[in-house]
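Note sheet for the following structure.
The values are calculated or read from the model by the stated rules, or taken from the named source; none is laboratory data. Keep in mind that what you see is a predicted model, and the values were worked out from it rather than measured. Every residue, glycine among them, receives a Cβ derived from its backbone with ideal geometry; neighbour counts consider all protein chains shown. Heavy atoms of the whole protein, side chains included, go into the accessibility calculation; ligands, DNA and RNA do not. Shrake-Rupley method; radii C 1.70, N 1.55, O 1.52, S 1.80 Å.
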Amino acid sequence: MYDVTIIGCGVVGASLAYTLSQYDLNVLVLEKENDVAMGTTKANSAIVHAGYDPEPGTLIAKLNVRGSGMMETLCRKLSVKYKRIGSFVLAFDADGRKHLDKLYDNGIKNGVPDMQIMSGEQARAMEPNLSQKVCAALYAPSAAVIDPWGLCIAEAEVAVRNGTTLRLRSAVTGLEQLGSSILLHTTSGNYETRYVVNCAGGWGHEICALTGEAEWEAQPSRGEYYLLDKSSGSLVSHVVFQCPTAAGKGVLVAPTVHGNLIVGPNASPVSSPYSRETTLAGLDEVAAASRKSVDGIDLRQSIRNFAGVRAITSESDFIIRPAKACARMLHVAGIKSPGLSAAPAIAEYAVGMLADMGVPLHKKADWDGTRTQIRFKELSQPEKAALIQRDPRYGRVICRCETITEGEIVAAIHSPIPPCSIDGIKRRAGAGMGRCQGGFCGPRVLDILAREFGEDPLDILQDGDGTVLLIGKTKGGAKA
């Protein structure tokens, strides 16, 4: 019998697991994919928003600003990449200039610190590559960029290390209310639990429907992106937005914590959270919109295009409330942008609601909420030499683009949540993140995974289940 079961291990589910792992509770996390961070968490803008966009008085506004304020300390504790670089919202005409006033007023009411409305000239003095058409800008220095999947993985690892049970490949297929508990039917077996938290992201409405009542309508929206090579990473030094619309915060241009430049997203209604394809029309829309902000973008430097699907619903605010038809289920749903920014505050808020629902919260005396990750390329020369002396695998570079060593890859494989795929290594150690996108290191990572797990290389995945790379062997024994 589990005390609390979390359905879904994106950044919100992982943040909740991390927060609950502080307490003397038997916690279970169910994730339908073969790894954590496999949905919107691995395909988003990677921005920690300042909090001027949400309407004052909403949960989104409250939790955005609170989460943004928590994020830097949390990332430092977990060895997750985070950079506070500030953001601009650009206006190109009188109507846009009026909208900046509204955003500024929102930000003041929401508690966003140190905002400033600037002229176009003042903004270009700080960000020289902005378009000459920019007539004004809202500057918010508290905005930041982050490694979103890194945060999710780190929080989930710490939760597991502190006693949380994680079950991957465990899609929830049914739910029975037993009075003082709930029996969950999944693809990996049945689990009985006292309380359930629905953190299923784009599939949250499906979990809600298992209670017998549809409380909201899913309205998923796909956003497409360009990721540019590090040679373009210094084109801007802040997050650059345009004035938001009803469809979202619009196309942004921003440096990433890894040194690249990210451009996107657009917003296209789709029928399913699985609709993550990129389209020529969508990428053309992103290209045209981004050049309105920064006309010098060279999209020929693109090293990858990708798309993510936002968990938008028929309700304008975050949905964080007990289920109407199941008193022991808490919905944490409709977590659209700024869900990443708000994630630690969402977890804090949800824990408070669980306490109100009857979950006893007694702090553990021995809880350790920290994690340390070695990044070889960031060490000093004496530190590198000492590390190689202790473990020679750190002296063998596997990913040349990102200078990722065999030691880092092996450490990721033997982490509290072992990856089963090449992209699982990519998200943990960074191998394959560079210009060649794994063209050089991918086969070597595959070999290391097979060796460390004692598996046939033919069974190693690129990412999700079914994404095998090798289909057989030639007569001479080479893999094909």
Next on the checklist: For a bin width of 5 Å, list the pair-distance distribution of the range 88-220 built from all Cα-Cα distances, rounded to whole %.
Outcome noted: 2, 8, 12, 12, 10, 10, 9, 9, 10, 9, 7, 4, 1
Item to check | Segments 344-355, 97-108 sorted - mean Cβ within 10 Å per residue, highest first | outcome: 344-355, 97-108
Next on the checklist: Less than 29 Å apart at the alpha-carbon level, and either on another chain or at least 8 residues along: which lysines does that give for Lys324?
Outcome noted: Lys32, Lys62, Lys336
Next on the checklist: Need one number: % antiparallel among DSSP beta bridges in the chain, to the nearest 5.
Outcome noted: 75
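Taking only protein heavy atoms into account and a 1.4 Å probe, give the accessible area per residue of the range 82-228 in Å². It would help to have the intermediate numbers written out before the result.
Values: 5840 Å² over 147 residues.
Counting only protein heavy atoms, the per-residue value for the range 82-228 is 40 Å².
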Next on the checklist: Can you tell me the length gained on complete extension of the stretch Arg300 to Cys436, counting 0.36 nm per residue apart and subtracting the Cα distance?
Outcome noted: 47.5 nm
Next on the checklist: If packing is taken as the average number of other Cβ atoms within 10 Å across a peptide's residues, how do 18-27, 377-386 rank, most packed first?
Outcome noted: 18-27, 377-386
Next on the checklist: Over the range 253-411, with the other protein chains present, what is the accessible area per residue in square angstrom, probe 1.4 angstrom?
Outcome noted: 45
Checklist entry - What Kirkwood hydrodynamic radius do you get for the chain when you take the inverse of the mean 1/r over all pairs of distinct Cα atoms, in Å? => result 23.3
Next on the checklist: For the range 404-445, place one equal point scatterer on every Cα, skip the solvent, and apply the Debye formula. What is log10 of I(q)/I(0) at q = 0.18, 0.27, 0.34 Å⁻¹?
Outcome noted: -0.41, -0.90, -1.31
Checklist entry - Once the range 277-340 is represented by equal point scatterers at the alpha-carbon sites, with solvent omitted, what log10 I(q)/I(0) does the Debye formula produce at q = 0.12 Å⁻¹? => result -0.54
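Test of the criteria: in the range 164-266, which GluC sites (Glu not before Pro) are in a DSSP loop and have at most 15 other Cβ atoms within 10 angstrom of their Cβ? Each step should come with its number before you reach the end.
Details: sites: Glu176, Glu192, Glu206, Glu213, Glu215, Glu217, Glu224; in loops: Glu213, Glu215, Glu217.
For GluC sites (Glu not before Pro) across the range 164-266 that sit outside H, G, I, E and B with at most 15 neighbouring Cβ atoms in 10 Å, the list reads Glu213, Glu217.
When the accessible area of the chain is computed with all protein chains present and a 1.4 Å probe, what percentage of it is carbon and sulfur?
51
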